[in-house]
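The values are calculated or read from the model by the stated rules, or taken from the named source; none is laboratory data. Everything numeric here is computed off the predicted structure, so don't read it as measured data. When we count neighbours, we look across all protein chains shown, and the Cβ atoms used for this are built from the backbone with ideal geometry, even at glycine.
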Amino acid sequence: MSDLQFSLRAQLLESLTINRVIGSIILFCVGSFVVDYTCKPRYPSSIPMVGHGRGLVNTIRNITDYMFHYREWIIEGYEKHSKSDRAFIVPAALSRPHDIVLPRSQTAWLLERPDHIVSAHEAHNDVLYSDYNLLGRDNARTTWYNRVIHKFLARNLPVLIPDLDQEVTHSVDAAFGAGTTSDEYKDVNIWNAWLGIVPQVTNRILVGPDICRNEEFNKSMVAYVDAFVLNCFILNMIPKLLHPIFGRLVTIPNWWYWRKATKHSVPVIEKRLHDFARKEAGDPAYDSWTPPEDFITWTIRLARAEGATSELEPYTISKRLLPIQFAAIHTTVLTGHSVLLDLLSSDPADGFLEGLREEASRVLAEDGDGGRWTKDALARLYRLDSAIRESQRISNISATLVERKVVAPEGLTNPAEGWHVPQGAYITFNLQGLHHDPDLYDRPEKYDAFRFSRPREAYEALPAEEKDPEEGLRLKKLGMVTTGDAHLAFGHGRHACPGRFFVAHELKMVIAHLLLNYDIAPLAGERPKPKWVGGTIIPPTEASIQIKRRAAPAA
């Protein structure tokens, strides 16, 4: 090395003091924030805004307060603007543009816009940081898994119910009943119990009977979902310009948990592909072979029918499972956890538990198949359906929902109010306000488990000649899987959750089995309160219940 090179290197190293390094990092982060701020879409000043308002200084204040005051802003915006049929803007986290929150009266208008104008898929990818959480852009940007679920899940549910019933019985007894007797109550953490149930039951329809009870596989999927949620919080608060760096770093655990899961799922997928090939080749040993009805089989069928050879690669199929694992485990555990807390914190004088237990026992005896649930029997659980829907209403798991991103290059014009927003704008609806509106619900802050079942039961009790078919159809829409502009728990419109019918069956079977086979003590004191971080709920995961086996278990 020459003297000149040595001198330059020495000067460079001497200049790299710790203070200068830290200062450079801060300057880079501030610069990233400024670039992010200038690149975000600008909304018309005619749309009112909650929070601290517009401008750079107020934007910094909004970002600072977003984590702690977002829900308050949503409530304020609903009262000030949504109730007057006006849209409003609510501040978002650092990495995302603000949301335009539409009033209920504009639901149909937005959801009727075609996908090349406003996109649900693009919005979901951005909100969930799917390019990173779902292990790459290819898996994040495809809609393949949605197509498979849309095409096969609902039509196969009736034949899957007996298998699901077995998994429910096994998982509920393991999670809630292990070590319990009819003599004394045992303390059980509700959150952990649901985390033991939902992955097993869900994976019965995703990967089949071979590994749905595999403890390592299910724990890997739960850990993946936990990492997914945590990453969303982290990336929310990091400028989008830095996501290509931080997105890859924070999702390293996602890759690790997926790899652990593939040790169990990929051999099953490879065996299934082999079996399909031998059946098609006319192998006599496969004359009587029938594939299990699950996501693996469905995706193979669709890929073979459409000639989509890339979708027949085992590791690709294992990645296609990930968004379904996230959606099915995360939201179902949250919902089931809330239902039990809402039921057990209700006044015992309301008789909710007894009413649900009586209904489950009666319907199972009348419409069940030898003590097992059927599609028709589950459909007749009006009270239980109502109890779940009412919990979705009062204990909503998000402050806003039904997100759409404007993707049309020319932007979008709102005909009701006249404003125009550019490409990249985000539009959503106010779940918190709608679900707690006294104009829509009597005593909206009270959990009334039978709110939606009373009119349905009254109608069913009428003589046949007094039943109005139109009224019957109207009352059927009170079911939890029927979405509407005042019931957005599963979304609404053509992009409503395609797995909601499965989730409804799963929750009903789990809670019915609990009530028929266990006694559960009411909670002492008030319902444990969740916490809110931004627009997302943090459930009281420490909450426990007192449970014991019933002295006379259901037959």
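Filter region 231-257 down to the residues that are free of Cβ contacts under 8 Å to residues at least 12 places away in the same chain and either of a type outside the set (Phe, Trp, Tyr) or in a loop (DSSP other than H, G, I, E, B) (or both) and list them by number. Let's see the steps before the verdict.
Of region 231-257, the ones free of Cβ contacts under 8 Å to residues at least 12 places away in the same chain are 244-245, 249, 252, 256.
Listed by number, the residues that qualify are Pro244, Ile245, Leu249, Ile252.
Determine whether Tyr37 is more than 26 Å from Gly433 (Cα to Cα), at pLDDT 65 or above and not basic (Lys, Arg).
Here the answer is yes, as Tyr37 does meet what is asked.
Please enumerate the residues belonging to region 405-442 that are at positive phi and free of Cβ contacts under 8 Å to residues at least 24 places away in the same chain.
Gly411
Take the residues of region 448-474 that are surrounded by 19 or more Cβ atoms within 10 Å (Cβ to Cβ) and not small (Gly, Ala, Ser): which is nearest to Trp109 (Cα to Cα)?
My answer is Phe452.
Confirm whether Lys548 is closer than 28 Å to Ala377 by Cβ, in contact (Cβ under 8 Å) with a residue 24 or more places away in the chain, among the basic types (Lys, Arg) and not in a helix (DSSP H, G or I).
Here the answer is yes, as Lys548 does meet what is asked.
For (1) in a helix (DSSP H, G or I); (2) surrounded by 14 or more Cβ atoms within 10 Å (Cβ to Cβ); (3) polar (S, T, N, Q), each residue gets a yes or a no:
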| site | (1), (2), (3) |
| --- | --- |
| Thr297 | yes, yes, yes |
| Ile317 | yes, yes, no |
| Thr335 | yes, yes, yes |
| Leu343 | yes, yes, no |
| Ala349 | yes, no, no |
| Ala360 | yes, yes, no |
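Looking at Ile300, Ile324 in this structure, which one is in contact with a Phe, Trp or Tyr (Cβ under 7 Å, 6 or more places away or on another chain), among the hydrophobic types (A, V, I, L, M, F, W, C) and more than 28 Å from Ala227 (Cα to Cα)?
Ile300
Tell me the residue from Ala377, Ala365 that is in a helix (DSSP H, G or I), in contact with an Asp or Glu (Cβ under 8 Å, 6 or more places away or on another chain) and of a type in the set (A, V, I, L, M), please.
Going through Ala377, Ala365 in turn, the sole match is Ala377.
Evaluate region 402-409: report whether one residue or more is at pLDDT below 95 and in contact with a Leu (Cβ under 9 Å, 6 or more places away or on another chain).
Yes; the residues of region 402-409 include at least one that is at pLDDT below 95 and in contact with a Leu (Cβ under 9 Å, 6 or more places away or on another chain).
Go through region 480-499 and count every residue that is closer than 20 Å to Ala449 by Cβ, surrounded by fewer than 19 Cβ atoms within 10 Å (Cβ to Cβ) and in contact with a strand residue (DSSP E or B) (Cβ under 9 Å, 6 or more places away or on another chain).
The total comes to 0.
Per-residue answers, yes or no, for (1) under 30 Å from His150 (Cα atoms); (2) touching a residue at least 40 places away in the same chain (Cβ under 8 Å); (3) assigned to a loop (DSSP other than H, G, I, E, B); (4) not polar (S, T, N, Q):
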| residue | (1), (2), (3), (4) |
| --- | --- |
| Glu445 | no, yes, yes, yes |
| Leu462 | no, no, yes, yes |
| Arg494 | yes, yes, no, yes |
| Cys497 | yes, yes, yes, yes |
| Phe501 | yes, yes, no, yes |
| Leu507 | yes, yes, no, yes |
| Arg527 | no, yes, yes, yes |
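Pairs please, first residue from region 474-489 and at positive phi, second anywhere and in a loop (DSSP other than H, G, I, E, B) and surrounded by 18 or more Cβ atoms within 10 Å (Cβ to Cβ), Cβ atoms under 9 Å, 6+ apart in sequence or on different chains.
As it stands, the answer is none, since no pair meets every condition given.
Checking Thr483 against (1) within 28 Å of Val188 (Cβ to Cβ); (2) in contact with a Cys (Cβ under 9 Å, 6 or more places away or on another chain): exactly one of these is not met. Which one?
(1)
Have a look at Arg474, Arg456, Arg451 and point out the one that is in contact with a helix residue (DSSP H, G or I) (Cβ under 8 Å, 6 or more places away or on another chain) and either in a helix (DSSP H, G or I) or at pLDDT below 95 (or both).
Numbers: Arg474 fails: in contact with a helix residue (DSSP H, G or I) (Cβ under 8 Å, 6 or more places away or on another chain); Arg451 fails: either in a helix (DSSP H, G or I) or at pLDDT below 95 (or both).
Only one candidate passes the filter, namely Arg456.
Name the single residue that is surrounded by the most Cβ atoms within 10 Å (Cβ to Cβ) among those in region 197-247 being basic (Lys, Arg) and at pLDDT 95 or above.
My answer is Arg204.
When you scan region 172-196, how many residues do you find that are touching a Gly at 6+ places or on another chain (Cβ under 6 Å) and either buried (at least 22 other Cβ atoms within 10 Å of the Cβ) or part of a loop (DSSP other than H, G, I, E, B) (or both)?
Here the count works out to 1.
Among the numbered criteria (1) farther than 18 Å from Gly433 by Cα; (2) part of a helix (DSSP H, G or I), which one does Ser45 miss?
Ser45 satisfies all of (1) farther than 18 Å from Gly433 by Cα; (2) part of a helix (DSSP H, G or I) except (2).
Can you work out which of the residues in region 426-474 that are among the small types (Gly, Ala, Ser) and in contact with a Ser or Thr (Cβ under 6 Å, 6 or more places away or on another chain) is nearest to Ser391 (Cα to Cα)?
Selected residue: Ser453.
Restricting region 399-416 to residues that are touching a Ser or Thr at 6+ places or on another chain (Cβ under 9 Å) and assigned to a strand (DSSP E or B), which is surrounded by the fewest Cβ atoms within 10 Å (Cβ to Cβ)?
Leu401
Need the failing condition index for Gly355 against (1) under 30 Å from Phe450 (Cα atoms); (2) within 28 Å of the chain's Cα centre (by Cα), just the number.
(2)
Of all residues being in contact with a helix residue (DSSP H, G or I) (Cβ under 8 Å, 6 or more places away or on another chain), assigned to a helix (DSSP H, G or I) and of a type in the set (Phe, Trp, Tyr) in region 97-152, which is farthest from Phe501 (Cα to Cα)? Just the residue, please.
Applying the filter and picking the extreme gives Tyr132.
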